[in-house]
Amino acid sequence: YQMLLLLLLVASCAAIPQNLSGKMFTFPQETNTAHVRLTSSQNLQAVTVCLRFFTDLKRHHSLFSLALPSLDNAFLLFKSANLDSFQMYVRNTAANFEGLDFKLNKWQSVCATWDAASGLAQLWVDGKPSSRKFTSSGSNINGPIIIALGQEQDSHGGGFDVKQSFVGMMSDLHMWDYKLSPCEIRKYTNGHGYANGNVLNWNSLEFQIIGRVLIENQQNTCQ
């Protein structure tokens, strides 16, 4: 009975949302295991994901990997090896975005938007938009969602490749079930005045850390 009570307490503590304001996830090494895992069940007609990240990786790597049981790349934000290139997958269909202003060893914000009605995807890097490109239309992102930060899922919750892992720091993750307006995205880029995510909210985030991922104070804030 005591063991059962302890397990219930541990499980309940793990599910308590944490306010990560002023914090960051640090991914300090290449692995095919270490990641932050988030779960949800959604029926998404549209998506916006925004986050800030810092890395010196010159190879390709995953920034945000959302998988369904039937779709490993239901919504994937992927940094290509070319410095100015990103890829975005929606329902396993890719769009390539070129000529974006990305720099190594610098905190940068990236937002990705998509809606099922038009099928159009778009990236914003530090508040500057990409071209709008077609990915997948007519079907929602619907079902039990697993999101991995730090790894790219080739199956629902697994199938990680060390050479697609993220090494660096990540912060201020938010996800909405609608497309943010350009004005709202610029507010996010500027760091104030935007609405918190209604699917994922950095200031009230339920997550599980697997492997060597650290929660640290952001280094650009003075106490």
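A few notes on this one:
- Residues with amide H under 5 Å from that of Y178, placed H, sequence gap 5 or more: T48
- For the range 174-188, 3J(HN,Hα) per residue [Karplus equation, 6.51 cos²θ - 1.76 cosθ + 1.60, θ = phi - 60°, Hz, x = Gly/Pro]: 9, 9, 10, 9, 8, 7, 5, 6, x, 5, 5, 5, 5, 4, 4
- Amide H contacts of D154: G159, F160, each under 5 Å away and 5 or more positions distant or on a separate chain (H built 1.01 Å from N in the peptide plane; Pro and chain starts excluded).
- Once Rg/Rh (Cα atoms, Kirkwood Rh) is calculated for the structure shown, the corresponding label among [x] 1.11; [y] 1.05; [z] 0.96 turns out to be [z].
- The residue among L120, T189, I147 whose Cα reaches farthest toward the positive pole of the charge dipole of the chain, with charges on the beta-carbon of Lys, Arg, Asp and Glu, is T189.
- Couplings for the range 191-205, taken from phi via the Karplus curve 6.51 cos²θ - 1.76 cosθ + 1.60 with θ = phi - 60°, read x, 7, x, 9, 7, 4, x, 9, 10, 10, 10, 4, 8, 7, 10 Hz in order; Gly and Pro are left as x.
- Less than 5 angstrom separates the built amide H of N203 from those of L20, all sequence-distant by 5 or more or on a different chain.
- Modelled label reach - K128, point 7 Å along Cα→Cβ, the range 85-99 residues with backbone N closer than 19 Å: 85-88, 96-99
- Approximate spin-label separation D101-S139, in nm, with each point projected 7 Å along Cα-to-Cβ: 3.8
- Per-residue HN-Hα couplings for the range 120-135 [Karplus 6.51, -1.76, 1.60; θ = phi - 60°; Hz; x = Gly/Pro]: 8, 10, 8, 10, 10, 10, 6, x, 9, x, 8, 5, 8, 10, 7, 10
- Fully extended contour minus Cα-Cα distance, from N82 to R59, at 0.36 nm per residue: 7.5 nm
- Note on N92 and N217: with the Förster distance fixed at 35 Å, the Cβ-Cβ geometry gives a FRET efficiency of about 0.40.
Read-outs throughout are calculated quantities, based only on the coordinates presented, and are distinct from any laboratory measurement. Keep in mind that this is a model prediction, so the values were computed, not measured. For neighbour counting, all protein chains shown are included, and Cβ atoms are generated from backbone atoms with ideal geometry for every residue, glycine included.
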